1. Inside the range 40-62, can you point out the residues that are touching a strand residue (DSSP E or B) at 6+ places or on another chain (Cβ under 9 Å), closer than 24 Å to residue 153 by Cα and modelled with pLDDT under 90?
2. Let me spell it out: the conditions are (1) out of contact with any helix residue (DSSP H, G or I) (no Cβ under 7 Å at 6 or more places or on another chain); (2) over 30 Å from residue 110 (Cβ atoms); (3) surrounded by fewer than 18 Cβ atoms within 10 Å (Cβ to Cβ), and residue 133 meets all of them except one. Which number is the exception?
3. Is it the case that the range 78-86 has a residue that's modelled with pLDDT under 95, out of contact with any strand residue (DSSP E or B) (no Cβ under 6 Å at 6 or more places or on another chain) and closer than 23 Å to residue 187 by Cα?
4. Out of the residues in the range 101-120 that are at pLDDT below 95 and outside any strand (DSSP E or B), state the one that is farthest from the chain's Cα centre (by Cα).
5. Which count do you get for residues in the range 73-105 that are within 20 Å of residue 136 (Cβ to Cβ) and touching a helix residue (DSSP H, G or I) at 6+ places or on another chain (Cβ under 6 Å)?
6. Looking at the range 92-107, which of its residues are surrounded by 18 or more Cβ atoms within 10 Å (Cβ to Cβ) and within 19 Å of residue 26 (Cα to Cα)?
7. Just to verify a result, which residue in the range 169-227, among those that are without any contact (Cβ under 8 Å) to a residue 12 or more places away in the chain and in contact with a helix residue (DSSP H, G or I) (Cβ under 6 Å, 6 or more places away or on another chain), is surrounded by the fewest Cβ atoms within 10 Å (Cβ to Cβ)?
């Protein structure tokens with residue numbers, strides 16, 4: 001389980017700041033102390049600091065900024081940024097690690113306008129109490145189940161299809177959306193089987209899509225369309 005196998009993808013390293021007419025992408029830190037076997041992030045932790053913010057929508061590409069001692073003060077500082085008198089919205093593209101989430105950090109994220117909080121649940125079903133606690137911390141800070149909170153799950157890896165299905169079912173009771181992320185950076189529909197079968201990959205993708213529809217709409221919109229058609233006869 002400690003072997004990093006599969007289709008390793010190359011990715012940029014170092015301090016990062018790029019932007020187009022609407023959005024900016026930055027990297028404030030690099031490295032993660034967790035040494036997860038499915039992740040290619042370096043173990044050495046390097047802090048680059050905040051680059052110049054030039055857009056009102058900023059995506060932060062850091063793999064685990066919350067693991068750094070400077071994270072809280074940095075989140076607060078980001079919240080003070082303005083572009084031509086306009087506040088700046090942020091998003092952690094790679095999600096956040098529940099191990100470093102505290103009520104103080106959650107409140108800072110909320111007040112600093114961090115949107116679409118993705119909570120990583122990469123490991124086992126037995127971590128459910130820790131994940132639930134993290135969700136409750138986010139809720140108390142003012143985040144809503146929909147559309148603010150989403151749970152990341154790594155798929156097609158050593159955590160089995162059956163176990164991920166159990167995790168997905170639990171997220172249904174919590175009322176939070178799920179993002180299925182496929183090992184080694186593979187993207188649907190071009191996912192090759194590594195830890196799961198082709199059928200399991202397709203099934204989980206379908207179930208996640210259906211799950212998110214139910215969370216967002218409170219019912220199955222596809223079934224609703226069929227009922228609507230039937231009602232017009």
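1. 41, 42
2. Condition not satisfied by residue 133: (2).
3. Scanning the range 78-86 turns up no residue that is modelled with pLDDT under 95, out of contact with any strand residue (DSSP E or B) (no Cβ under 6 Å at 6 or more places or on another chain) and closer than 23 Å to residue 187 by Cα.
4. We begin by selecting, within the range 101-120, every residue at pLDDT below 95; these are 115-120.
Those left that are additionally outside any strand (DSSP E or B): 115-116.
Details: 115: 11, 116: 8 Å.
That would be 115.
5. Going through the range 73-105, the residues within 20 Å of residue 136 (Cβ to Cβ) turn out to be 75, 92, 95-105.
Of the ones still in play, those that are also touching a helix residue (DSSP H, G or I) at 6+ places or on another chain (Cβ under 6 Å) are 75, 96-98, 100-101, 103, 105.
Total satisfying the criteria: 8.
6. 92, 94, 95, 96, 97
7. Per the criteria, the residue is 221.
For every residue, the table says whether it meets (1) modelled with pLDDT of 95 or more; (2) more than 17 Å from the chain's Cα centre (by Cα); (3) not in a strand (DSSP E or B).
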site: 165; (1), (2), (3): yes, yes, yes
site: 168; (1), (2), (3): yes, no, yes
site: 173; (1), (2), (3): no, yes, yes
site: 191; (1), (2), (3): no, yes, yes
site: 194; (1), (2), (3): no, yes, yes
site: 200; (1), (2), (3): yes, yes, yes
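The values are calculated or read from the model by the stated rules, or taken from the named source; none is laboratory data. All figures in this text were calculated on a predicted structure; none of them were measured in a lab. Methodologically, a virtual Cβ is constructed for each residue, glycine included, from the backbone with ideal geometry; neighbour enumeration extends over all protein chains shown.
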